[in-house]
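These notes concern the structure reproduced below.
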Amino acid sequence: QQITYIASSEGAYIYMKVVGYCRLSRDEDKENYASIEEQKIILQDYAMSRGWKILDRDFYIDDNFSGYTLDRPKFSKMLRKVQRGDIDVVLAKDLSRIGRNNGKVLVLIDEFKAMQKNLILVSEMGGCYDVLNDRDDTIGITTWYNERYVKDCSKKTRDHMLSKQKTGRLIMGNYYGYVKDPDDITKLTVDEEIRPVIELVFKLYIDGNGMKKISNILNENYNYPTPSVYYQKKHLQRGRIYKHPVQELWSDYMIKNIIGNDVYCGTLRTHKKKTISIRGKAIKLPESEHFVFENHHEAIVSKETFQSANDIRNRRATMNRQCGKPKRNYFFGGLCRCAECGMSASGMVLRRKNNAKAYECNDYKKYGTKRCKGHEILEEDMWFQFKDFLKNTKKVYLDEIKKINVQNKKKKMQSNRKKIQLELEQANLEYKMILTQKIKDIATRTEPRAKSNYS
């Protein structure tokens with residue numbers, strides 16, 4: 001391990017561990033922010049000027065990670081080592097490399113001070129900022145500006161996407177059954193490989209087949225790729241990795257998505273979702289807020305076919321609601337697994353047995369015999385077997401049951417309570433830090449001088 005030795009005030013030599021941290025994300029302004037390699041050179045030059053040396057293995061690098069969150073792989077690993085005392089000094093180019101979340105970064109600086117570990121920002125505020133030795137009167141302004149930068153970038157991106165959505169330009173990467181026109185990426189052309197499956201799904205549904213039955217027909221009689229398999233193939237063709245789960249068998253929700261998507265009758269619908277905050281979850285928008293462009297591209301099915309299929313769908317949904325399925329509590333819900341495939345089992349009602357409650361393999365429910373076999377079990381049978389199991393367990397483990405210490409559960413509850421309390425204290429600390437810095441900023445702000453009448 002690379003150790004840097006420095007002379008103490010008593011003349012003896014002590015050692016400390018010095019590391020470098022670098023970060024870059026896609027939203028950085030390339031003209032103003034150095035690449036990872038340039039950041040490393042800047043940190044190594046600074047370390048040499050202090051008589052320190054940082055080896056390549058002592059750099060913690062998060063490439064293509066946003067600074068708005070501190071939950072980054074290498075940064076988290078480095079921070080754990082600082083907290084254990086394995087690292088004494090962290091070098092970074094500037095505070096924005098550490099993070100762009102105002103409150104969290106201010107709390108992090110306080111944590112470094114409390115641990116007496118140093119964080120040195122070699123190009124901060126026109127010079128160098130040393131957390132342990134320099135004053136932090138204006139550091140809150142820097143952290144606020146860094147967060148403002150991310151929010152401005154996010155707003156510009158959202159505004160740009162909204163502008164595209166309003167004018168009917170494509171912003172999504174994949175549509176099942178369509179590809180972007182190579183000559184004009186704002187247009188969609190039909191993928192002839194997928195056209196037959198879209199037509200078949202609509203035909204089977206209009207002919208009276210349910211979504212579950214259609215998925216079984218596709219799994220047993222055809223070899224059409226599912227949407228996720230199709231998307232994965234398109235990503236690989238572009239030299240990209242498809243990061244979402246890939247489902248090789250058709251299921252009823254895939255059929256539902258195809259039947260309800262008016263892209264297949266030539267309509268482009270945008271502005272269906274939006275995010276409220278940075279890295280926040282996208283929320284669905286009501287249809288009244290969608291931007292709809294009729295006859296935008298070649299249709300795979302006619303508008304009449306699409307409307308007929310959705311009329312049937314709405315009628316069936318209305319009938320199901322009117323039937324008013326009674327709510328049932330399944331005692332073993334979430335606790336059962338299929339003995340054949342190991343998949344979870346969920347509750348169901350067996351009409352042929354006077355609506356008795358039972359459990360069935362979820363894979364069989366979704367994909368039929370392609371995945372598993374049909375072998376439901378009645379809940380009353382499970383109760384009978386469960387009682388026998390408890391009786392046998394009591395006989396075998398009676399002595400052990402008597403030795404069970406109830407205090408263990410109480411300790412766990414106390415531990416969870418402490419964890420929640422710590423999280424609450426951390427949130428309060430962030431709030432107080434931001435509030436204190438705002439007060440400092442207001443107190444140090446000076447009013448512009450009034451113009452003199454004699455000037």
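For this structure, a couple of remarks:
- Computed packing ranks the peptides 63-69, 221-227 as 63-69, 221-227, most packed first, by mean other Cβ atoms within 10 Å.
- Exceeding the 21 Å Cα-Cα cut-off - candidates Lys17/Lys53; Lys104/Lys419; Lys273/Lys366; Lys81/Lys104: Lys273/Lys366
- Multiplying the residue separation of Ile206 and Ile420 by 0.36 nm and subtracting their alpha-carbon distance yields 71.7 nm.
- Between the listed residues Gly334, Val301, Trp383, the Cα displaced farthest toward the positive end of the dipole of the stretch 286-400, a dipole computed from Cβ unit charges relative to the Cα centre, is found at Trp383.
- Normalised by 2.2 N^0.38 Å, where N counts its residues, the alpha-carbon radius of gyration of the stretch 93-134 equals 1.08.
- Surface share of carbon and sulfur [accessible, 1.4 angstrom probe, percent] for the stretch 213-365: 48 percent
- One equal scatterer on each Cα of the stretch 250-391, no solvent, Debye formula: the resulting log10 I(q)/I(0) at q = 0.19 Å⁻¹ is -1.15.
- Maximal additional length on extending the Ser228-Lys74 stretch stands at 52.4 nm, based on 0.36 nm per residue less the C-alpha distance.
- Per residue, in Å², the accessible surface of the stretch 172-211 once ligands and nucleic acids are set aside, probe 1.4 Å: 48 Å²
The values are calculated or read from the model by the stated rules, or taken from the named source; none is laboratory data. Bear in mind that the values here come from a model prediction, so they are computed numbers and not experimental data. So basically every Cβ, Gly included, is an ideal-geometry build from the backbone, and we count neighbours across all protein chains shown. Quick note on the areas: whole protein, heavy atoms, side chains included, nothing else; ligands and nucleic acids left out. Shrake-Rupley method; radii C 1.70, N 1.55, O 1.52, S 1.80 Å.
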